[in-house]
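The structure under discussion appears below in the form of structure tokens.
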Amino acid sequence: MKTQFKPAHSLVWLSLIAGMSVLSGCSIDINGDDDDDKDKDMHESYHYQVTVTNLTQAQPLSPVSLTLHNASTKLWMAGEMASSAIEVMAEGGDNSKIAELSAVKMAYSGDGILMPGHSQSWMIESMYENYMYLSVATMLVNTNDAFTGKTGIDLSNLEVGMSMHYTTMAYDAGTEANDEINLPGPAAGGEGYNNTRNDVDRVHIHPGVLSNAELTGSMLSPEHKFDNPVTKITITRMQ
Amino acid sequence: MKKTAQSLAKNAVMAAALAATAFSAQAAELDIKLYNLTHGITFTPVVVAAHDSQTMLFKVGDTASAALQKMAEGGAIDDLSSQVTTAGGVVVENPAQGMLGAGAMTMAMLDTQDNMYLSLTAMLLPTNDGFVGLDSWKIPSEAGTYTVWLNAYDAGTEANDEIINGGGASGTPGIPVAPNSDGGTGASGVRSTESNNMVHIHPGNIGDTDATGGISDVDSRVHRWLNPVAKLVVTVK
């Protein structure tokens, strides 16, 4: 069973950046199956507030993906090939494939873009002992395939009222060449996801963007440059 | 008279001892070393502050205070410093006795009294409103030596036009100076606006290699950086 909380307007925005048909597949799907009652791994409900701050100068972030999964799951690994789900998010900002991964028990999505300098917060709930690992992922939309986040944060030892803080690096999914033209964000409004892989095909630390000050034909201007860290994540256990 | 003076001095010593006892549960003596790790960026006079949880020099995602803007655009730390001391914090001002050049290190000693958090700022030159910062690092209660890596922030108060024109007052466009006389002149300007007016991670200098024109008075071979831009080594005694 998987519980998804997906406010409808997040998909409207996604459709704008990813060229999807508006509202297709849009629903709030709270699965009420009885299966959960039989789950032996259920425990009392733990509640967390997760806040993400966009630290970049001019890189809006796609709707943030928050997922809960088990200890052995990593949504990505530096040096390894990106999964298709990460590729789809990193190139087009669509986080729905991450939510659909079989390893993911619960998935939440931001309800719109997270603008530079702004913060968004979510309340998430975990009631499964074996799924106490959080991953946060989002695309830097004025790039070809840059994303950021943190995967596999262990929530199980966080006590009520306590907080954890992380800052995150910009990764390059390695699935699309950084031509600085085929990017879906407002700087270009160009192509998002494309299943062709024409880059090094491994996740790595993003080398940064050049902008039109240094790369002829780039759709980016100097304000779109970024340096690490690109987001700050704060997780507070509420109950 | 002499006896009275001695007696007063003795009382003062005792009062100081009592005060020290009162705060001994939390007070920390810190030895601080700050290293400028950049290739060619100069730090203006540094302010190091110990303060409570309600006080801060800056916070990412928040609008810069007027005092922070004054430091980030012109290097002046007096307002930031007095804000901290007014709120009961303690500061070390300008430990390097002036600029802290690339590759240089400066040291400071700080008695934190009952303040639990450490912050630090210094403007980066040549930039429009860039600064190196530490925001409310919780001072460890256990004695030992701790290393913290510091990032470059953009105050979000001035567009990064990269024009060196002496403009260091808050709200005045331009960069005050390239301290090593390694900047250019006559640049047309990289940008005249900035959409993110919150404190954020600095995107870095663009620069160019034209000393008498081009888009920037900053030298792209000398004045770029990647985070971290400084190393802070704190010894809790």
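Checked against (1) closer than 21 Å to B:D79 by Cβ; (2) open to solvent by 20 Å² or more (accessible area, probe 1.4 Å), B:L120 passes all but a single condition, namely (2). Taken over the stretch A:210-233, the criterion of being of a type in the set (A, V, I, L, M, F, W, C) and farther than 30 Å from A:M164 by Cα is satisfied by A:L210, A:A213, A:L215, A:M219, A:L220.
Each residue in the stretch A:194-205 was checked for being surrounded by 13 or more Cβ atoms within 10 Å (Cβ to Cβ) and within 14 Å of chain B (Cβ to nearest Cβ), and 0 pass. How many residues does the stretch B:226-237 hold that are surrounded by fewer than 22 Cβ atoms within 10 Å (Cβ to Cβ) and within 11 Å of another protein chain (Cβ to nearest Cβ)? Result for the stretch B:226-237: 3.
Rundown of residues vs (1) more than 21 Å from the chain's Cα centre (by Cα); (2) open to solvent by 60 Å² or more (accessible area, probe 1.4 Å); (3) among the aromatic types (F, W, Y), yes/no style:
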{"residue": "B:L134", "(1), (2), (3)": "no, no, no"}
{"residue": "B:P140", "(1), (2), (3)": "no, no, no"}
{"residue": "B:W149", "(1), (2), (3)": "no, yes, yes"}
{"residue": "B:A155", "(1), (2), (3)": "no, no, no"}
{"residue": "B:N165", "(1), (2), (3)": "yes, yes, no"}
{"residue": "B:I175", "(1), (2), (3)": "no, no, no"}
{"residue": "B:S192", "(1), (2), (3)": "yes, yes, no"}
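The single condition among (1) of a type outside the set (D, E, K, R); (2) without any contact (Cβ under 8 Å) to a residue 60 or more places away in the chain; (3) within 26 Å of B:D78 (Cβ to Cβ); (4) more than 9 Å from chain A (Cβ to nearest Cβ) that B:N160 does not meet is (4).
Screening B:T185 against (1) within 13 Å of chain A (Cβ to nearest Cβ); (2) open to solvent by 60 Å² or more (accessible area, probe 1.4 Å) leaves a single unmet condition, (1).
Return yes when A:G208 is without any contact (Cβ under 8 Å) to a residue 40 or more places away in the chain and either closer than 30 Å to A:L134 by Cα or surrounded by fewer than 15 Cβ atoms within 10 Å (Cβ to Cβ) (or both) and no when it is not. Judged against the criteria, A:G208 is a match.
Among the residues of the stretch A:42-80, which ones are open to solvent by 10 Å² or more (accessible area, probe 1.4 Å) and within 16 Å of A:K97 (Cα to Cα)? A:T73, A:K74, A:L75, A:W76, listed by residue number. Could you give me the residue pairs with C-beta distances under 6 Å whose first residue belongs to the stretch A:221-233 and is more than 7 Å from chain B (Cβ to nearest Cβ) and in contact (Cβ under 8 Å) with a residue 24 or more places away in the chain, whose second residue is assigned to a strand (DSSP E or B) and among the aromatic types (F, W, Y) wherever it lies, and which are 6+ apart or on separate chains? Listed by first residue and then by second, the contacts come to A:I233/A:Y166. Every condition in (1) over 21 Å from the mean Cα position of the chain (by Cα); (2) without any contact (Cβ under 8 Å) to a residue 40 or more places away in the chain; (3) surrounded by 19 or more Cβ atoms within 10 Å (Cβ to Cβ) is met by A:N178 except one, and the failing one is (1).
Of everything in the stretch B:211-222 that is away from chain A (no Cβ under 12 Å) and under 26 Å from B:L100 (Cα atoms), the residue that is least open to solvent (accessible area, probe 1.4 Å) is B:D217.
Screening A:E125, A:E100 for residues that are of a type in the set (D, E, K, R) and either more than 15 Å from the chain's Cα centre (by Cα) or buried (at least 21 other Cβ atoms within 10 Å of the Cβ) (or both) leaves exactly one candidate, A:E125.
Out of B:P140, B:P173, one residue alone is touching a strand residue (DSSP E or B) at 6+ places or on another chain (Cβ under 6 Å), part of a loop (DSSP other than H, G, I, E, B), more than 9 Å from chain A (Cβ to nearest Cβ) and not hydroxyl-bearing (S, T, Y). It is B:P140. The single residue among B:L125, B:L110, B:L120 that is touching a residue at least 40 places away in the same chain (Cβ under 8 Å) and either of a type in the set (F, W, Y) or under 21 Å from B:R221 (Cβ atoms) (or both) turns out to be B:L125.
Checking the stretch A:223-232 against the condition returns no match, with no residue being modelled with pLDDT of 95 or more, out of contact with any Ser or Thr (no Cβ under 7 Å at 6 or more places or on another chain) and of a type in the set (K, R). Taking B:D78 as the residue in question, decide whether it is over 30 Å from B:D219 (Cβ atoms) and either of a type in the set (D, E, K, R) or free of Cβ contacts under 8 Å to residues at least 12 places away in the same chain (or both). Criteria met by B:D78. The residues of the stretch B:188-198 that are within 8 Å of chain A (Cβ to nearest Cβ) and touching a Gly at 6+ places or on another chain (Cβ under 9 Å), listed by number, are B:V190, B:E194, B:S195, B:N196, B:N197, B:M198. Residues that are under 19 Å from B:L150 (Cα atoms), open to solvent by 60 Å² or more (accessible area, probe 1.4 Å), touching a Pro at 6+ places or on another chain (Cβ under 8 Å) and within 14 Å of chain A (Cβ to nearest Cβ) do occur in the stretch B:32-52, at least one of them.
The values are calculated or read from the model by the stated rules, or taken from the named source; none is laboratory data. Because the structure is predicted, anything quoted here is derived from the model rather than measured. When we count neighbours, we look across all protein chains shown, and the Cβ atoms used for this are built from the backbone with ideal geometry, even at glycine. For the accessible areas, the whole protein counts, side chains as well, though only heavy atoms, and no ligand, DNA or RNA atoms are used. Shrake-Rupley method; radii C 1.70, N 1.55, O 1.52, S 1.80 Å.
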